[in-house]
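The values are calculated or read from the model by the stated rules, or taken from the named source; none is laboratory data. Computed from a predicted model, the values in this text were never measured in an experiment. Because the Cβ atoms are built from the backbone with ideal geometry, glycine has one as well, and the counts that use them run over all protein chains shown. Ligands, DNA and RNA are excluded from the accessible area calculation, which covers all protein heavy atoms including side chains. Shrake-Rupley method; radii C 1.70, N 1.55, O 1.52, S 1.80 Å.
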Amino acid sequence: PEFGYPFDVYQGKITWVAANNQTITATGRPGVDVQAISGAILTDSLLNMRVRSQAFASCLYDNEPGCELVIQIWVTRTGLVKFCVFVVFVIHWFVTIALFLLTGESLLLNRHNILESTDIFAVCFSALFALPSVRSLLPGVPGYGCVLDMLGILPNMIIITLCTVFFAISRLRHRYRHAAAEAAAAKDE
């Protein structure tokens, strides 16, 4: 169920039957006089989880073959958890797109001032460690492998890793050309 984080739903069912030989013989049904839960609130919020339940007493219906109390429980993530996960997902993509566009601008449009003045290589390298750290701060986050990882953090990490590699190669080529130009100028003097 954690594959669908934060939209995962856990559910369970509890069935109670109260019966003895005398009641089975008298009524012809297994179990007798099991009453529905009335006045009990079986809904609550745990930390980052919401619990709901529904109770059904089959003794109240003559066409049911048995007499039992069935309580079905659902546990889901709260709306705040879903909102936080969505915000982090969107911010990760904004950061990834910004770094991708910055990489494209500096490499494809040949912007040397980006390669020289700002240390964009350090920004890309730090993003490689920042994005997984932010993901690990999400409430109740499972291990890697949920749907949001396939749509978010894994493609983000691949794109940022490629941007970091291209910046490193471009920076090394830029330094090599700059050093070669200085060596040629010193040789001419």
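From the list I71, I120, I153, pick out the single residue that is surrounded by 14 or more Cβ atoms within 10 Å (Cβ to Cβ), modelled with pLDDT of 85 or more and hydrophobic (A, V, I, L, M, F, W, C).
Working: I71 fails: modelled with pLDDT of 85 or more; I120 fails: modelled with pLDDT of 85 or more.
None of the other options fit; the residue is I153.
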query: Mind checking whether some residue in the range 165-179 is within 26 Å of L80 (Cβ to Cβ) and open to solvent by 70 Å² or more (accessible area, probe 1.4 Å)?
result: no
task: Kindly indicate whether any position in the range 155-175 is under 30 Å from T76 (Cβ atoms), of a type outside the set (K, R) and out of contact with any His (no Cβ under 8 Å at 6 or more places or on another chain).
output: yes
- request: Scan the range 76-105 for residues that are surrounded by 15 or more Cβ atoms within 10 Å (Cβ to Cβ), aromatic (F, W, Y) and either modelled with pLDDT under 90 or over 20 Å from F121 (Cα atoms) (or both) and jot them down.
  value: F89
So G140, is it open to solvent by 30 Å² or more (accessible area, probe 1.4 Å) and under 34 Å from the mean Cα position of the chain (by Cα): yes
task: Go through the range 68-87 and give me each residue that's part of a helix (DSSP H, G or I) and of a type in the set (A, V, I, L, M).
output: L80, V81, V85, V87
statement: Contact list, first residue from the range 124-144 and under 12 Å from V88 (Cβ atoms) and assigned to a loop (DSSP other than H, G, I, E, B), second anywhere and open to solvent by less than 60 Å² (accessible area, probe 1.4 Å) and among the β-branched types (V, I, T), beta-carbon distance below 9 Å, six or more apart or interchain, is L137/V88; L138/V81; L138/V85; L138/V88; P139/T78; P139/V81; P139/V85; V141/V85
query: Quick one: G12 ticks every box in (1) open to solvent by 50 Å² or more (accessible area, probe 1.4 Å); (2) modelled with pLDDT of 65 or more bar one, so which box is it?
result: (1)
